[in-house]
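Okay, so here's the structure we're looking at.
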Amino acid sequence: GPGGGSCSPSTDLLVRPSCAALANTRSPRLSAHGGVVRPAALGGRSRSVGPRRPPMEKARRGGDGAPRGPVLHIVVVGFHHKKGCQVEFSYPPLIPGDGHDSHTLPEEWKYLPFLALPDGAHNYQEDTVFFHLPPRNGNGATVFGISCYRQIEAKALKVRQADITRETVQKSVCVLSKLPLYGLLQAKLQLITHAYFEEKDFSQISILKELYEHMNSSLGGASLEGSQVYLGLSPRDLVLHFRHKVLILFKLILLEKK
């Protein structure tokens, strides 16, 4: 489980980035893995499940036609020594009316903690995971998840909570989005995850709220155009990895609705 194993010290020390720095962030190249093209993490593995892309305009605008950003929630998932993986923070709350620190999950997303912080993650100092969540409230739109995982030695924390009993602390910072903007979102999320851990105080959640506001302001409305959606995606890497099996994947996509 995520709570065991030893880890090597991380050499990535980042200062807290500003929103201006995030706005200029370029996404990393993508390489092929599993059923789709996957972004390469900053020092770990990446896993993904193939996206079903919704119409850009539909996801970009609300029911009233007003422009809205693609990010639904910023979520922190941690590993508790007794309760296992659980949501520790969400902004906005996953269930309207609950607090940001509520552990309660919507029934449709009950597996979110295990997707964002999968078994075996403790074997890596950091990692990036890509996953899907089913639609809520019957709106039929797939939710795309990107999770950046890291771990830190408990003795390095400035504020150590009473329920931290192990030598290392594992957490994932996740973005839940209406659009599969993997390259754009991953680059920004990795920076913020590093900065969040460098605070060494997980009660400092203002940076996560700023991330939500920044992503929706920079990626919403007319600011998201054309080729930006595909930043970091490499068709060349896809073909080199899967070779003739690309045709099989293409056929599966065509047969998806059946």
Virtual spin-label span in nm between I253 and A156, 7 Å along Cα→Cβ | 4.0
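Subtract the Cα-Cα distance of H241 and K200 from 0.36 nm times their separation in residues, and report this length gain in nm to one decimal. Present the calculation step by step, with values, prior to reporting the outcome.
Details: separation 41, 0.36 × 41 = 14.76 nm, distance 3.89 nm.
So the extension gain works out to 10.9 nm.
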Given a Förster radius of 25 Å and the C-beta distance between E167 and K209 as r, what FRET efficiency does 1/(1 + (r/R0)^6) yield to the nearest 0.05?
-> 0.25
Tell me which lysines have Cα within less than 29 Å of K188's Cα, excluding those fewer than 8 residues away on the same chain?
-> K58, K110, K155, K158, K171, K178, K200, K209
Positive-end extreme of charge dipole, region 121-257 - chosen from Y196, L231, I248 (charges on Cβ) | I248
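Laboratory data are not the source of any read-out in this text; all were calculated from the coordinates shown. If you're wondering where the values come from, they're calculated on a predicted model, not measured in any experiment. So basically every Cβ, Gly included, is an ideal-geometry build from the backbone, and we count neighbours across all protein chains shown.
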